[in-house]
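First up is the structure itself, then whatever we jot down about it.
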Amino acid sequence: MMAMVAVAQETVKKTTTIYLENAETLSYDEENHPDAQILRGYVQFRHEDALMYCDSAYFFQKTNSLDAFGNVRMVQGDSIEGFADILYYDGNTKFARMYGHVKLIDNDMEITTDTLLFDRRADFAWYYTGGKVVDSVNTLTSRWGQYQPKLKQALFRGDVHLVNDKFVMDAATMKYNTETNVTDMEGNTKIVYENETNIYTTLGWYNTKTEKSMLLNRSRIEHVDGTTLTGDTIFYDKVLGYGRMVGDFVMIDSTNHLTLQGNLGELYENGPMGKNSGFATDSALLIDWSDSLSYTYIHGDTLYTEEIEYQLTKLVSRDSILVDSVMMAQSPDTMIIDTAYRQTRARHHVRIFRDDLQALGDSCLFNGRDSILSMFGEPIAWTDRRQISAETIDVYMKNGVVDYTHSKGKAMAIEQEHPLYYNQMAGKEMFAYIRNNELAQLDVNGNAETIFFPRETDGTFIGMNKTESSNVKLFFEKGKIHHVLFLQAPKGSIYPMTDLENASKLSGFFWAEEERPVTPGDVFRHAKRTERSPSGPKSAAEEAPANAKPKGTAKDGLQTK
């Protein structure tokens, strides 16, 4: 009860009187307008810090209210001015209702509407019949709008439309600060930079002056170049062309047919890493879908991508009728074409999956111009049933499929012939040529060593063929070795299966089938790395035990199986 009395006393205390300060004529009409003073000619009222002007008015002293007509003007403090055709004002509640050609000005902010209600006590002005707000930066229209002069805060609902010199914004609901020019967006919102960028969000804020924003709830940024970014949280600076993504995000480059995703990343339209560059980490994944039949999935602790610009020189043919013989003797005309390609780098725990190739290593580089995938840090690649390892491995693509691989430094290729026996090829470098998703030819160059397990026609093993040569070419048909060509005289022997002991593996042999990604999802499976010998492949003579007895000697030139 005491609290209610205190509130009532406070209300009474805050009620103040409206004063009539000027009028050219004053009259009464008790029959039609009882209790009203009828005022005409440059009428002026004062209520606290507000002044009200009009052509004519009805002033009700008993109710502390007034009705003003014609060229109505209300001034509050030193910043707010209101204009209307009609004003109804209650001095007890400090509530104003303005009708007809209404305009409310607060410094450089202006509201225009047909009907405006202004609660001076609560510091709220609002319209509900449609209105427009204009400040030094933006023009906003909506069906319903609210403005708080002290806070410089506006709220808009229904067909909200913001026009800026650089963009337009449409939203279901929007909060806007006329001092900071920052919008808070709720509901379906679209920001359009004509012929540049479209931004879609349902929650976030956007600084219309600096063009910085925070976009939430799986917002999307689309660029005219075909790049689309979607993320849980995106901090975006349109002027710098910079975006920082926190939470699940996906970047799709439809021009280069690439998808980059992760849980943390940054993108630069023009940045320190290059044009249209960026990185992804925390479950980072790059998907190359330039080949519709075989997507490439690349995972690493961190993935970097950038667009490399270069100039392409193209010869232009001449019209022989239009040039003389002297000109024909000169160099042909050339045309310089500006173009670009995308380059991707992956660092640490790199794993790759394609239907025709799987690989892993510590780092890799993909060059979109030449379609070359280079792998470093003890890389391993698998094609069909074969494992290839080296110090570095380059994979060359052609028309979206693997054409060949080039393995350099301690190169070794292994295929499992039997649970206990492995065909092996090793040398300084190795070229593996792929045709129709199958290994067609394998060239081993420099200190080439091979181990094969030839079979009889009934499938039983003949023995182990162990050879050395400077260069070896192996030819395959239907996944099997068809014949072997030694370019120089080989050294080696065939050992019986009963006397192999430890001679069945080349130095540096290791079998890492457990590490192989067999599905796209396996690129996120970090299996323990298989230990490998620190030394390179040794000669067959060094590897063979003393008690292993040769069954025969390898011939020069061609061997068949």
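The values are calculated or read from the model by the stated rules, or taken from the named source; none is laboratory data. Just so it is clear, the structure is predicted and the values come from calculations on it, not from any experiment. Please note: Cβ atoms are built from the backbone with ideal geometry, for glycine as well, and neighbour counts cover all protein chains shown. For the accessible areas, the whole protein counts, side chains as well, though only heavy atoms, and no ligand, DNA or RNA atoms are used. Shrake-Rupley method; radii C 1.70, N 1.55, O 1.52, S 1.80 Å.
Residues in segment 70-83 that are at positive phi and part of a strand (DSSP E or B): GLY70, ASN71. Does at least one position in segment 160-182 carry a residue that is open to solvent by 20 Å² or more (accessible area, probe 1.4 Å) and under 30 Å from ILE298 (Cβ atoms)? Checked against the condition, which is being open to solvent by 20 Å² or more (accessible area, probe 1.4 Å) and under 30 Å from ILE298 (Cβ atoms), segment 160-182 yields no hits at all.
One residue stands out among those in segment 491-545 that are part of a helix (DSSP H, G or I) and modelled with pLDDT under 85: the one that is surrounded by the most Cβ atoms within 10 Å (Cβ to Cβ), which is ALA540. Take the conditions (1) under 27 Å from LEU373 (Cα atoms); (2) in a loop (DSSP other than H, G, I, E, B); (3) hydroxyl-bearing (Ser, Thr, Tyr); TYR433 misses just one of them, which is (2). Counting only residues that are in contact with a strand residue (DSSP E or B) (Cβ under 9 Å, 6 or more places away or on another chain) and in a strand (DSSP E or B), segment 479-490 holds 6 of them. Scanning segment 117-150 for residues that are of a type in the set (A, V, I, L, M, F, W, C), open to solvent by 50 Å² or more (accessible area, probe 1.4 Å) and modelled with pLDDT of 95 or more yields TRP126, TRP144.
The residue that is farthest from PHE95 (Cα to Cα), counting only those in segment 52-69 that are open to solvent by 50 Å² or more (accessible area, probe 1.4 Å) and part of a strand (DSSP E or B), is ASP55. Look at (1) in a strand (DSSP E or B); (2) over 21 Å from ARG532 (Cβ atoms); (3) open to solvent by 60 Å² or more (accessible area, probe 1.4 Å) and you find that GLN416 fails only one, number (2). Note on segment 183-213: residues that are among the charged types (D, E, K, R), open to solvent by 60 Å² or more (accessible area, probe 1.4 Å) and outside any strand (DSSP E or B) amount to 3.
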